[in-house]
Each structure stands twice: as C-alpha cells, then as structure tokens.
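Got a structure for you, written out below as structure tokens; questions coming shortly.
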Amino acid sequence: MSDLATADRNSELEKYRTELTGYCYRMLGSSFEAEDAVQDTMVRAWRSIDSFEGRSSLRSWLYRIATNVCLDSLNAGNRRARPMDLTAATPVAQAQLNARPEITWLEPVPDGRVLPSVADPADTAVSRETVRLAFVAALQHLPPKQRAVLILREVLAWKASEVAELLDTTVASVNSALQRARATIAENEPTLSDTADPLDEEQKELLERYVAAFEGYDMKALTALLHEDATMSMPPYDLWLRGHDDIVGWMLGVGEVCSGSKLVPTVANGSPAFAQYHPDPEGGYSPWALIVLELRDGKVGGMDFFLDTKRWFPLFDLPERLEA
C-alpha cells in the first residue's frame with residue numbers, strides 16, 4: 001500500500017465512502033454527523049495508510065477506524081430520537097409547539113448517501129429496511145458498543161470473529177453483546193414497513209392519491225389513505241399526533257397554512273418522501289418541509305415532517321423554490 005500513487009490511494013479509500021456513511025448513520029442517527037465521521041475516518045486512514053500492514057482487509061481496517069470515531073462521538077452523550085421516543089401522543093386540543101435543540105432529533109438522510117449499489121435484491125432490501133427512521137430510532141436505545149455489534153453482525157453480516165477482532169474483544173463478548181442488543185430491540189421493536197424498492201403499482205397509486213389529497217387539501221381523501229393509528233410528527237417540535245381525528249384536527253387548525261402546497265417526490269431513509277413547497281406571498285412556492293412517509297399494509301402509517309428546510313433541502317438537492 002505504501003507505494004500507491006496519491007490518486008490510487010484516494011480511489012481505494014473513496015470506494016468505501018457510501019457504505020461507511022450508512023454504517024456511521026445507523027450508529028449516530030445524524031446524516032451530517034455521519035458524513036463528518038466518515039471524513040474523519042478518511043483523513044485518519046490517509047495519514048496512517050503507510051503503516052497499514054495488510055493483516056486485515058482495507059475494508060475491515062476502515063470500519064475499525066470508523067467505529068472508533070463513532071464510539072468517541074457517542075461517548076460524548078449524543079443520542080438521537082424521534083418525537084414519539086420522548087413524549088406521549090398529544091390530543092390536538094392540547095397541542096403546543098415546543099422546539100427542542102437540533103442535536104435531539106434523529107435526522108433524515110438521502111438514500112444515495114448511505115445505500116451502496118448492490119447486485120442482490122435481498123441485500124438491497126435489508127439495507128433499505130435498516131436505514132428506516134423507525135429502525136435507526138430503535139438502534140438509539142442501545143449502548144454504543146452493542147449498537148456497533150448489532151449493526152456489524154445483523155445488518156452487514158460480519159462473522160462474530162471479525163467483529164471481535166475489530167473491537168479488540170472476544171467472540172464470547174460479541175455474542176453476549178448481540179444477545180443483549182436483540183433483547184433491547186425486541187422491547188423497542190420498530191413497526192415493519194412495506195418493501196418499496198422499486199415501488200409496485202399499488203404503491204405508486206397510493207402515492208399519487210396522497211399527492212392529490214394533500215395538494216387539494218382534501219381531508220376526507222387523505223384520511224382514507226391513512227391507517228387509523230397513523231402518526232404525524234414535526235421535528236424540531238416535540239409534538240406528535242396519532243389517529244385520524246387528531247391529524248385532521250391539526251391540519252384544519254394550525255396546519256391550515258399547508259393548504260395550497262405543492263409536493264415534489266424524493267426518497268429518504270429507504271422510504272418514499274416529498275419536498276413540500278408552501279405558497280409564497282411574493283409568488284411561486286417556497287420550501288416548507290421534507291415529508292418522509294411510512295407505508296404499511298397498503299396505507300400510510302406515518303408522516304414525519306422535517307421543517308428545517310434550510311438544512312434538508314440542500315442535502316437532498318431539492319430546488320430552492322418552485323415557480324408558479
């Protein structure tokens with residue numbers, strides 16, 4: 001490795017960037033922190049690549065560095081959550097918008113940043129399922145090393161011996177950590193979502209109806225697409241709602257400002273998503289929210305509205321505004 005040309009070294013390291021970002025995202029729950037962690041990993045790898053002795057693969061070596069970067073970050077006390085992880089659902093009559101700091105919230109991520117291209121459809125399905133908001137939120141309940149063990153063993157399919165070597169521990173310790181991690185995940189089990197890669201005809205029709213109902217602000221049509229126990233959240237606010245009555249009550253009350261919006265399709269966290277643009281008094285439409293949907297049993301089970309559009313729209317390469 002020591003006599004590789006600079007370009008070759010960069011190329012060798014860069015081909016692992018997307019999968020490392022997916023790993024760090026699952027660990028940290030933040031798209032921006034994940035990218036920073038991977039950049040830190042690449043810098044550390046570049047600086048010490050001459051001392052890389054090849055006793056493990058380059059990929060394993062990079063994962064060791066990335067794991068240490070993430071563990072250092074998590075030991076500082078960072079833990080991301082969704083609104084439903086912090087409070088009970090609020091009846092719409094008692095709803096108040098209380099903002100919490102940015103570092104509180106689990107963040108959305110574009111699929112292209114964290115899901116490497118793979119040939120096997122089964123591997124693709126696992127990758128998408130394990131970056132879903134609900135799954136990454138469940139991971140946040142685990143202590144840092146258990147989180148790393150679960151991701152490496154169950155998501156990335158590493159052998160126990162490989163994980164033990166990466167973490168400088170024993171196979172027995174890895175197996176014990178995995179058992180405890182599985183038990184914790186079972187207690188905080190994320191809801192299963194429908195596979196949506198690619199979307200089937202029924203899902204395409206569901207999303208088309210969702211766009212028509214939302215843009216037309218037709219609450220009867222919208223509720224027909226929602227599960228009875230569907231949820232709605234709006235980070236950075238800790239408020240979240242459950243069920244038709246409270247969601248519609250919100251959207252016809254404080255949420256009435258969403259009337260007349262336009263939706264532009266995108267994808268986030270292995271799920272269908274939309275960029276919502278709000279009518280601008282000066283003409284056209286300005287960014288309002290990134291909406292990430294959870295599809296379950298042929299209906300919409302969850303709607304997460306991420307409102308910090310100055311943060312999210314550039315990350316997702318979304319237009320700054322729409323013309324009339």
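The values are calculated or read from the model by the stated rules, or taken from the named source; none is laboratory data. Nothing here was measured: the structure is a model prediction, and the numbers come from that model. Cβ atoms come from the backbone with ideal geometry, glycine included; neighbour counts cover every protein chain shown. Each accessible area value is taken on the protein alone, full model and side chains, heavy atoms only, with ligands, DNA and RNA left out. Shrake-Rupley method; radii C 1.70, N 1.55, O 1.52, S 1.80 Å.
Considering only C-alpha atoms, what is the centroid distance from region 64-137 to region 246-324, in Å?
Centre-to-centre distance over Cα atoms comes out at 18 Å.
If you don't mind, there's one more thing I want to ask. Report, to the nearest 10°, how far helix 58-75 tilts away from the longest principal axis of the Cα atoms in the chain, using its own Cα long axis and a range of 0 to 90°.
60 degrees
Report Arg153's accessible area, 1.4 Å probe, all protein chains in place, as a number in Å² to the nearest 10.
60 Å²
R0 = 35 Å: FRET efficiency of Lys159 with Leu252, Cβ-based, nearest 0.05?
The value I calculate is 0.05.
So what's the angle, to the nearest 10 degrees on a 0 to 90 scale, between helix 31-48 and the longest Cα principal axis of the chain?
Tilt of helix 31-48: around 20 degrees.
List the GluC sites (Glu not before Pro) in region 244-324 that DSSP assigns to loop (not H, G, I, E or B) and whose Cβ has at most 11 other Cβ atoms within 10 Å. Which are they?
Sites meeting the loop and neighbour criteria: Glu282, Glu320, Glu323.
Could I ask something else about it? Run the reach check for Lys220 against lysines, Cα to Cα strictly under 30 Å, same-chain hits fewer than 8 apart removed. What comes back?
Answer for Lys220, where 30 Å is the Cα cut-off: Lys204, Lys262, Lys299, listed by chain and number.
At 37 °C and 0.692 mPa s, grab the translational diffusion coefficient of the chain from Stokes-Einstein with a Kirkwood Rh over Cα pairs, rounded to a whole number in µm² per second.
The calculation lands on 156 µm²/s.
As a test of the formula, what do you get for the chain when each DSSP H run with n ≥ 4 contributes -39,500 (n - 2.57) and the sum is divided by the residue count, at 222 nm and rounded to the nearest 500 deg cm²/dmol?
It lands at -13500 deg cm²/dmol.
Suppose every K and R has +1 on its Cβ and every D and E has -1 on its Cβ; what is the size of the dipole of region 275-324 about the Cα centre, in Debye to the nearest 20?
140 debye
How far is helix 17-28 tilted off the main Cα axis of the chain, in degrees rounded to 10, range 0 to 90?
The helix 17-28 is inclined about 70 degrees to the chain.
Further, regarding this structure: When the expected Rg is taken as 2.2 N^0.38 Å, what fraction or multiple of it is the alpha-carbon Rg of region 40-96?
The value comes to 1.97.
For the chain, with a Gaussian network of springs between Cα atoms less than 10 Å apart, report the residue from Arg47, Arg113, Arg64 with the top mean-square fluctuation.
With Cα springs under 10 Å in the chain, the top fluctuation among Arg47, Arg113, Arg64 is at Arg47.
Identify which of Asp308, Asp50, Asp123 has the largest mean-square fluctuation in a Gaussian network model of the chain, with springs joining Cα atoms closer than 10 Å.
Asp50
For the chain, set up a GNM with springs between Cα atoms under 10 Å and report which of Gly243, Gly22, Gly255 has the largest fluctuation.
Maximum among the listed residues: Gly255.
While we're on this one: With the cut-off at 1.5 for a/c, could you classify region 234-323 from its C-alpha gyration tensor as rounded, prolate or oblate?
It comes out oblate by the Cα gyration axes.
Among Ser48, Ser31, what's the order by accessible area (1.4 angstrom probe), most exposed first?
Ser48, Ser31
What spacing in nm lies between the two simple spin-label points modelled at Phe32 and Ile49, each 7 Å away from Cα in the Cβ direction?
2.9 nm
When the C-alpha atoms of region 173-324 are aligned to their principal axes, what extent does each axis show, in angstrom, from largest down?
Computed over the Cα atoms, the extents are 61, 33, 33 Å.
Among the lysines, which have Cα under 17 Å from the Cα of Lys159 when same-chain residues fewer than 8 positions away are ignored?
Lys145
So what are region 4-158's ellipsoid semi-axes, whole angstrom, largest first, if each one is the square root of 5 times an eigenvalue of the alpha-carbon gyration tensor?
Equivalent ellipsoid of region 4-158: 32, 17, 14 Å, largest first.
For His227, tell me the accessible area in Å² from a 1.4 Å probe, rounded to the nearest 10.
Accessible area of His227: about 30 Å².
Using a 1.4 angstrom probe with every protein chain in place, what is the largest-first accessible-area order of Ser117, Ser73?
Ranking Ser117, Ser73 by accessible area, largest first, yields Ser117, Ser73.
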